[in-house]
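Inspection log for the structure reproduced underneath, given as structure tokens.
The values are calculated or read from the model by the stated rules, or taken from the named source; none is laboratory data. Note that the coordinates shown come from a computational prediction; the quantities given were computed from them, not determined experimentally. FYI the Cβ positions are ideal-geometry reconstructions off the backbone, even for glycines, and counts take in every protein chain you see. Just the protein is used for accessible areas: all its heavy atoms, side chains included, with ligands, DNA and RNA removed. Shrake-Rupley method; radii C 1.70, N 1.55, O 1.52, S 1.80 Å.
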Amino acid sequence: MHDIKLVRDNPEAFDQGLALRGLEPQSSQLVALDTQRREALTRQQEAETERNALSKQIGKAKASGDEDEFNRLRSEVDRLKIVLEEAGQQARHFDETLSQHLAALPNLPEEGVPAGEDEAGNVEQRRWGTPREFDFEPKDHVDLGEGLGQMDFEGAAALSGARFVALKGPLARLERALAQFMLDLHTSEHGYLEVSPPYMVRDEAMFGTGQLPKFADDLFRTTDHRWLIPTAEVPLTNLAREAIHSESALPMRMTAHTPCFRAEAGSAGRDTRGMIRMHQFHKVEMVAIATPDESAGELERMTGCAEKVLQLLGLPYRVMLLCSGDMGFSAKRTYDLEVWVPSQRNYREISSCSNCGDFQARRMNARFRKEGEKRPLFLHTLNGSGVATGRALLAVMENYQNADGSITVPDVLRPYMGGVERIG
């Protein structure tokens with residue numbers, strides 16, 4: 001959500017930011033709605049002030065027995081009552097319309113974000129690790145998993161349709177091991193508080209983090225009108241909502257391992273094979289709640305925490321700074337971590353770390369108070385995958401595969417696998 005005062009004060013800068021997002025100018029329409037809203041509020045306040053003054057005169061007229069003056073004043077008060085009601089209705093109408101327009105607009109890119117329309121405009125920041133050279137033709141994770149009899153897409157499709165999978169035996173345990181490893185790393189070494197949040201949330205929570213109203217088609221809804229979370233970002237970030245936090249309690253860092261549910265309405269025909277793009281998958285999420293002064297550094301720290309996961313797993317990756325047209329709706333700056341996938345001979349996203357500034361905090365009314373100051377300020381929120389366990393699983397399978405179709409378990413995961421060194 002944007003601050004209408006900033007739009008009024010800097011309309012050109014606001015429109016320039018929207019242009020980087022591929023959107024038409026909006027400031028003139030927003031300022032016009034705000035002007036009409038404020039004019040209606042002024043009429044309402046003036047009518048209220050006049051009515052209060054007349055009410056006092058009515059008492060005097062009644063006390064003096066001046067019936068004509070009394071009736072005249074009563075008639076004027078009745079007229080002002082109508083003005084009050086009409087002005088109030090107009091103010092509410094313009095306020096709701098303005099809020100709807102503001103709620104539909106994405107966050108503006110911060111300075112330094114490259115301009116671009118899509119992923120082609122993203123800028124590589126760094127790489128880690130060297131992709132493995134195989135002395136045999138590497139298989140993709142589907143052939144590997146099905147060859148082991150531990151990855152069942154057909155059985156899952158019979159239960160739930162396309163974009164589902166049933167993992168079995170050691171592969172199921174390997175996915176669980178990945179999640180446990182990431183949680184232990186983030187809590188014991190990176191200072192994140194582990195949280196086990198709800199998997200279903202109300203409209204207000206989805207609105208707070210920016211999924212609603214624009215992305216309703218990408219979500220799953222229950223029969224009692226709750227939403228299945230698309231990521232733990234939603235419940236974790238909303239734990240800060242509707243509150244004023246003390247500066248000394250910041251930054252707050254939280255992590256959670258949850259299932260994620262996505263309709264993938266806008267991805268028909270994309271990544272239909274395997275586990276790249278599923279309706280249900282698991283992810284370890286990181287969320288940080290920080291002051292405006294802290295958030296830039298917190299983004300770099302969070303990205304480093306996600307990188308550490310891939311480094312300990314020995315998975316080659318690259319870090320990409322997303323361009324203005326490829327960032328998520330709520331983000332003002334985003335780094336994507338892309339892991340090497342041998343079967344595709346390409347890097348694929350496995351983590352996305354974003355600084356949302358005060359964009360989500362305004363939607364959630366999440367604020368903090370600086371020490372010694374009375375006026376509360378909006379918080380900054382950040383989120384990042386630390387990392388997606390399903391994509392980590394396929395990356396481990398493909399990068400650690402052997403010629404006989406078996407999979408070597410990375411050293412860091414063996415304690416979580418009961419000492420198992422190889423699957424298959």
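I'd like the full set of residues that are among the β-branched types (Val, Ile, Thr) and surrounded by 13 or more Cβ atoms within 10 Å (Cβ to Cβ), limited to region 106-130. Quick ask: steps written out before the conclusion?
Let us first name the residues in region 106-130 that are among the β-branched types (Val, Ile, Thr), namely 113, 123, 130.
Residue satisfying the conditions is Val113 alone.
Within region 384-419, being out of contact with any Leu (no Cβ under 9 Å at 6 or more places or on another chain), more than 17 Å from Leu310 (Cβ to Cβ) and either among the aliphatic types (A, V, I, L, M) or modelled with pLDDT under 95 (or both) holds for one residue alone: Ala403. Residues of region 367-402 that are among the aliphatic types (A, V, I, L, M), closer than 18 Å to Leu171 by Cα and not in a strand (DSSP E or B): Ala392, Leu393, Leu394, Ala395, Val396, Met397.
Scanning region 13-49 for residues that are open to solvent by 80 Å² or more (accessible area, probe 1.4 Å), farther than 18 Å from Asn107 by Cβ and among the acidic types (Asp, Glu) returns Glu39, Glu46.
Residue count for region 336-366 satisfying the condition of being assigned to a helix (DSSP H, G or I) and charged (D, E, K, R): 2.
Residue count for region 282-305, restricted to those that are under 23 Å from Glu146 (Cα atoms) and crowded, with 22+ Cβ neighbours inside 10 Å: 1. Just so you know, in region 243-262 the residues that are among the hydrophobic types (A, V, I, L, M, F, W, C) and outside any strand (DSSP E or B) include one that is surrounded by the fewest Cβ atoms within 10 Å (Cβ to Cβ), and it is Ala249.
Kindly evaluate Phe215 against the criterion of being open to solvent by 20 Å² or more (accessible area, probe 1.4 Å), among the aromatic types (Phe, Trp, Tyr), under 13 Å from the mean Cα position of the chain (by Cα) and farther than 22 Å from Leu250 by Cβ. It is true that Phe215 is open to solvent by 20 Å² or more (accessible area, probe 1.4 Å), among the aromatic types (Phe, Trp, Tyr), under 13 Å from the mean Cα position of the chain (by Cα) and farther than 22 Å from Leu250 by Cβ.
If you check Leu159 against the conditions, is it over 26 Å from His380 (Cα atoms), open to solvent by less than 30 Å² (accessible area, probe 1.4 Å), modelled with pLDDT of 95 or more and not in a loop (DSSP other than H, G, I, E, B)? Reasoning before the result, please.
Numbers: over 26 Å from His380 (Cα atoms): yes; open to solvent by less than 30 Å² (accessible area, probe 1.4 Å): no; modelled with pLDDT of 95 or more: yes; not in a loop (DSSP other than H, G, I, E, B): yes.
Criteria not met by Leu159.
Which one of these is in contact with an Asp or Glu (Cβ under 8 Å, 6 or more places away or on another chain) and over 22 Å from Arg363 (Cα atoms): Leu98, Leu73, Leu80? Can you show your working first?
Values: Leu98 fails: over 22 Å from Arg363 (Cα atoms); Leu73 fails: in contact with an Asp or Glu (Cβ under 8 Å, 6 or more places away or on another chain).
The unique qualifying residue is Leu80.
A Cβ distance below 8 Å, combined with a sequence gap of six or more or placement on separate chains, defines the contacts here; from region 78-104, residues that are under 20 Å from Gln26 (Cα atoms) reach residues that are polar (S, T, N, Q) in the pairs Phe94/Gln36; His101/Gln26; His101/Gln29. Inclusion of Asn355 among residues that are open to solvent by 10 Å² or more (accessible area, probe 1.4 Å) and either closer than 19 Å to Met206 by Cα or out of contact with any Cys (no Cβ under 8 Å at 6 or more places or on another chain) (or both) is not warranted.
Condition first: closer than 30 Å to Ala19 by Cβ, within 34 Å of the chain's Cα centre (by Cα), open to solvent by less than 80 Å² (accessible area, probe 1.4 Å) and not β-branched (Val, Ile, Thr). Can you find one or more residues in region 84-95 that meet it? Please lay out each step first, then the result.
Taking region 84-95 first, the residues closer than 30 Å to Ala19 by Cβ are 93-95.
Restricting the remaining residues to those that are within 34 Å of the chain's Cα centre (by Cα) gives 93-95.
Remaining after also requiring open to solvent by less than 80 Å² (accessible area, probe 1.4 Å): 94-95.
Keeping just the survivors that are not β-branched (Val, Ile, Thr) gives 94-95.
The answer is yes; a qualifying residue exists.
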